[in-house]
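In what follows, a single structure is set out as structure tokens and then discussed.
Just so it is clear, none of the values below were taken in a lab; they were calculated from the coordinates. Note that the structure is predicted; figures quoted are calculated from it, not measured. Positions of Cβ are generated from backbone atoms using ideal geometry, with glycine treated the same way; all protein chains shown enter the neighbour counts.
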Amino acid sequence: MCILNKIKFLVLGVVFHLMIIPAFAQNSTLTVPQLKKDFKVFRGILEEMHAGIYWYSSKAEMDQAFDQVAQALNKSMTEQAFFQKLASITAKIKCGHTWIATSKPLRKHLWEHNKLMPVQVKIVQNKMYCFTNVSDNQALKPGNEILQINHLKVDSLIKLMNYYSPGDGYIDQARVTRVQRYFPYFYTLYIDQPSQYQITFLNKQKQKQTITLAAEPLQKVLPKRERKRIPLIQLKFIKNPKVAVLKVIGFDNWKIGKKKYKFKRVLEQCFAKIDSAKVDNLIIDVRNNHGGVEKFGMALHAYLTDKPFHFYKGMYFRNKRTKYRRYTSTSWLTYQLYKIALKFDKLNDSTYALKSDDNMDLYHRAGQSFKGKVYVLINRESYSTTGDFAAMTHYKKLATFVGTETAGGYYGNTSDYEFEVKLPNSKIRVGVPLCRYETNIPMDKKLFGRGTIPHHRVEPTMEDILNKRDVALEYTLQLIKKIQTK
């Protein structure tokens, strides 16, 4: 793992939250020279340092995207308008660890003054549904299908969500899942900031109905809630059928109160309990797990195999150094240490293979692996290290997968050793990951750009979501019962 950052910077929700928090009432206007200067820095550091810039989009495609924006910088524009253009480029890279955020003054202004759409949504099978409605007009109820918001129909809204949002490869539905949690912000940032929202939807009788809702303060739409500290590894046993369910919420160490918990130690304790219980079926639930430390993903994978393994075939950088360091939050001293500490093999003029990271070592684990049948539950928020764990376990046929395609790419991700860049005039910030991790899986063009695809696709309906019904777990338990009765 990165010497400068032992835990992955990206937690999917947090990064997207950073990306969409800005406001626009104090929407400063940038002159043409200011825009061009900022764009030069933006394009320069991405082309120079982003290790995955041409992984899913070719150089010709990225050049076209850059050039189109450059040609549009022929007149002054607001920070918001400039931000939208840059965001379309960061999304084009198709890297979920690449993030972009507006200046902090605009972000602060949103928290203090701006009003948002009073409805949160869920996207299920390319349809949009009301999830919560905090307005005074309760005609729009949770579970009602939304057809149009102001001038845009839902299919157009979903296209915009994909156009502007970061995400690995071609896993578009994972992008939409990412955006839906902050959809009121997304609408304000990329579409409009109206004082009212005209929403057309299907009511309970499946009849079209249109209502107008007033925009509401942020505190009402997305109230702050105290985050409860919970164990990142949870184990329970089910009697009928006899199954162990291991839920892994994050691949990190954690703390509850004053007590600290070590991921690998707790994992070891859990598998000792599983062994003592003599269960033949294990369900590993990594849904909504946004990742963490790579070595912890390897540790979990190791309990499913008897053989030592290389988790990653390589870690690749685009360059060893940058002329844009002064625009980053990385100090001169840290940057010098970075250059000294990292050892590379130069493969060509734009690829350097990292030699000095123990993530590429052969992974050994003392003790016995689980010998029974393994099932892994995944969904569109299984990301980063979780995506790597799922891909390696899937490729080696060590488990049966149930759920929906992961958000993390099958062949790895670009993350870590990150530079946070602040553009000199607009103060827009960009997160540029410098290292491309490639999982130790032979290339199959049919899977390139995809996540781990489950053997059994199980997706909850909107009714399931509202009723908090865990259809993937229910399906897996029924699958185990069916196999046991044969």
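Here are a few things to note about the model shown:
- Simple point charges give the picture: +1 on the Cβ of Lys and Arg, -1 on the Cβ of Asp and Glu, and for region 233-481 a dipole about the Cα centre of about 660 debye.
- Summarising the strand pairing of region 233-481, around 65 percent of its internal DSSP beta bridges are antiparallel.
- Förster-model FRET efficiency, 25 Å R0, LYS371 and MET443, C-beta, rounded to 0.05: 0.20
- The ranking of THR386, THR210, THR305, THR485 from fewest to most other beta carbons within 10 Å of each one's beta carbon is THR485, THR210, THR305, THR386.
- For GLU61 and GLN125, the difference between the fully extended length at 0.36 nm per residue and the C-alpha to C-alpha distance is 20.1 nm.
- Nearby lysines by direct alpha-carbon distance to LYS396 (threshold 19 angstrom, same-chain neighbours under 8 apart not counted): LYS295, LYS307, LYS313, LYS371, LYS373, LYS445, LYS446
- Inter-centroid distance (Cα atoms) of region 159-189 relative to region 319-344, Å: 32
- Amide H to amide H, with H built 1.01 Å from N, GLY412 comes under 5 Å of THR439, counting only residues 5 or more places away or on other chains.
- When the chain is described by a simple charge dipole with +1 on each Lys and Arg Cβ and -1 on each Asp and Glu Cβ, the residue from HIS97, ASN150, GLN173 located farthest towards its positive end is HIS97.
- Rounded to the nearest 20 debye, dipole of the chain from Cβ charges on Lys, Arg, Asp, Glu: 1060
- Considering only LEU362, ASN27, GLN80, the residue lying farthest towards the positive end of the dipole of the chain is LEU362, judged by Cα position with unit charges set on Cβ.
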